1. I need a count of the residues in the range 201-211 that are closer than 19 Å to His254 by Cα, surrounded by fewer than 24 Cβ atoms within 10 Å (Cβ to Cβ) and either of a type in the set (A, V, I, L, M, F, W, C) or in contact (Cβ under 8 Å) with a residue 40 or more places away in the chain (or both).
2. Can Phe17 be described as in contact (Cβ under 8 Å) with a residue 24 or more places away in the chain, crowded, with 22+ Cβ neighbours inside 10 Å and of a type in the set (Phe, Trp, Tyr)?
3. Condition (residue is open to solvent by 10 Å² or more (accessible area, probe 1.4 Å), over 20 Å from Phe305 (Cβ atoms) and either touching an Asp or Glu at 6+ places or on another chain (Cβ under 6 Å) or of a type outside the set (Gly, Ala, Ser) (or both)) applied to the range 389-398: is it met by at least one residue?
4. Listed residues Val250, Val259; which is over 24 Å from the mean Cα position of the chain (by Cα) and either at pLDDT 95 or above or assigned to a loop (DSSP other than H, G, I, E, B) (or both)?
5. Just for the range 22-56: of the residues that are open to solvent by less than 10 Å² (accessible area, probe 1.4 Å) and of a type in the set (A, V, I, L, M, F, W, C), which one is nearest to Ile297 (Cα to Cα)?
6. With the structure loaded, tell me whether Leu109 is open to solvent by less than 10 Å² (accessible area, probe 1.4 Å) and either acidic (Asp, Glu) or modelled with pLDDT under 95 (or both) or whether it fails that test.
7. On the given criteria, is Lys161 within 17 Å of Ser103 (Cα to Cα), without any contact (Cβ under 8 Å) to a residue 60 or more places away in the chain and open to solvent by 50 Å² or more (accessible area, probe 1.4 Å)?
8. Take residues that are farther than 26 Å from Thr7 by Cα and tell me which of the helices (runs of 4 or more DSSP H) falling wholly in the range 32-145 contain 2 or more.
Amino acid sequence: MENSNLTAAQDPSWSRFLPALSTFYISGLGKQRCGENYFNASRIPAGIPDLEELNFLNSQKALFPYKWALYSAGHADLDITSKSSTESIVREREAGTFLLGDSGGFQILKGQWPADWKDSRCPKALAQRTKVLKWMDTYMDYGMCLDIPSQSISTFGMKDKNGKSLHGIQTIEDAIAATHINNEYFIKNRTGKCKFLNVMQGRNHGQSDQWYAEMKKYCDPKQYPDNHFNGWAFGGQTKIDIHLTLKLIVNIIHDGLLVEGKHDLIHCLGTSILEYAVLFTDIQKAVRKYHNPNLQITFDCASPFYSAAKGLAYFNTNIEHNKKWSYSMEKTAEKKAYANDTRKFRNAVLQDGIHDLFTDSPITDKMIMKDLCYRGQGFLGAHGKETKTSWDTLSYTLLQAHNVYQHIYAVQEANRRYEQGVVPKMLMNDTFERLRFGEIVDEIFSLNDRQKSLALIDSHDRFWTQLKSGSQGFSGKKAINSMTMFDKLFAVESEPEVIEEDSDDAIEEALE
């Protein structure tokens with residue numbers, strides 16, 4: 001298999017996937033590229049003698065060059081005065097690559113950045129937002145404002161040793177108030193080196209409408225002519241509820257806040273559903289056609305890294321007409337008996353029945369079995385005890401690289417096949433005379449009238465309710481009706497979204 005240039009394969013008309021970089025992944029590679037010999041020379045696979053080949057942001061050496069990614073301030077070393085080899089892949093990346101910075105709101109909702117975020121005088125909150133802004137302005141092309149996720153409400157009960165909430169966010173109004181504080185700070189103190197996205201939140205339509213009404217001013221050049229935010233990021237329910245997503249974009253357009261050259265990016269946070277890759281492309285094409293020819297829609301997820309932390313390998317992609325589309329992953333080879341196995345990796349996993357089907361990546365194509373299952377019987381770890389697993393740090397790094405390639409390739413292949421007429425079942429509409437999703441979206445944005453566009457969106461409600469959002473948020477009527485009304489009547493928050501553990505933590509636990 002020859003090197004696969006995924007940057008060249010990315011059609012400009014498609015929505016763009018951004019791998020959400022794992023700190024575990026970039027830290028070892030960063031130390032290696034800085035000459036620290038983090039990985040012993042005898043450990044490095046013969047087929048991949050220079051581990052810089054796994055750095056897909058390196059267009060000259062990477063096995064699969066891909067110049068776009070996301071990196072979170074929540075995982076980063078925010079001390080910009082220090083020289084950090086673990087972050088060299090981010091800090092010393094080549095010109096022409098693109099990094100979007102996530103601000104770290106996830107760390108707030110998990111209580112990892114403890115502070116009373118709704119108190120503008122809280123010194124801990126001020127110190128953290130200051131570090132995040134300086135880090136963004138120094139290293140990122142675009143960054144997200146430090147929003148307080150609406151999901152934080154569900155973790156208000158996490159307490160410090162004194163019994164005080166770790167973030168102080170109990171209601172949607174608290175989250176809005178705290179985000180106002182952070183937005184005002186970013187607006188007043190940004191240097192202009194990094195462009196910023198106005199993050200939308202809310203766990204149902206009512207909350208999302210409330211959030212937009214409060215926050216839209218930060219993108220308004222009339223109110224902030226010199227330092228307004230430069231685009232939008234959709235979180236919470238807004239990122240996966242297409243009924244809500246389309247309504248929000250229509251309102252943004254007709255409020256004059258998706259202007260060419262001023263607001264050219266919309267990012268959808270943490271979206272791993274394969275069908276959404278083409279769904280976002282359809283929306284992007286329609287908005288470009290009628291409103292902003294420069295608009296780019298991007299989306300990210302950490303699934304390639306997270307799945308590797310669980311020992312899962314991407315082995316195939318299912319993209320068939322009128323079927324469910326998916327990335328297929330399952331447990332891969334992990335056995336100490338393979339520590340001396342020199343069979344080609346793909347051949348070995350198929351011969352031994354570990355996988356019935358396995359699609360090579362440029363990484364696994366150069367691997368033999370023992371490259372992954374390196375630790376044999378009697379191998380002693382750092383604590384002087386025999387390790388439980390045959391994998392070591394590089395094993396996880398190799399598998400993460402394989403999964404990242406497969407995820408990017410799957411997104412691009414989905415767009416290629418969609419253009420050829422292969423449509424996922426999710427986007428087939430039997431109710432409305434088999435209209436394709438793209439045709440409906442084109443009509444919505446062709447109307448130069450806010451109310452007509454919103455009415456058309458509402459008229460296709462039965463179509464939107466068939467779209468599945470995966471494990472996060474709510475689909476269809478739950479987001480529009482019941483949960484919104486329940487919140488209004490009883491002032492109680494809806495069930496929390498799934499909070500996944502950190503993939504880096506999972507790997508460290510497995511290596512112990």
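The values are calculated or read from the model by the stated rules, or taken from the named source; none is laboratory data. As the structure is a prediction and not an experimental result, all values here were calculated from the model. For neighbour counting, all protein chains shown are included, and Cβ atoms are generated from backbone atoms with ideal geometry for every residue, glycine included. What goes into the accessible areas is simple: the full protein's heavy atoms, side chains included, and nothing from ligands, DNA or RNA. Shrake-Rupley method; radii C 1.70, N 1.55, O 1.52, S 1.80 Å.
1. Summing the residues that are closer than 19 Å to His254 by Cα, surrounded by fewer than 24 Cβ atoms within 10 Å (Cβ to Cβ) and either of a type in the set (A, V, I, L, M, F, W, C) or in contact (Cβ under 8 Å) with a residue 40 or more places away in the chain (or both) in the range 201-211 gives 1.
2. When the stated conditions are applied, Phe17 passes them.
3. The answer is no; no qualifying residue exists.
4. Val259 is the lone residue from the list that is over 24 Å from the mean Cα position of the chain (by Cα) and either at pLDDT 95 or above or assigned to a loop (DSSP other than H, G, I, E, B) (or both).
5. So, considering only residues that are open to solvent by less than 10 Å² (accessible area, probe 1.4 Å) and of a type in the set (A, V, I, L, M, F, W, C), the one nearest to Ile297 (Cα to Cα) is Phe56.
6. yes
7. no
8. Counting at least 2 such residues, we get 105-109, 123-139.
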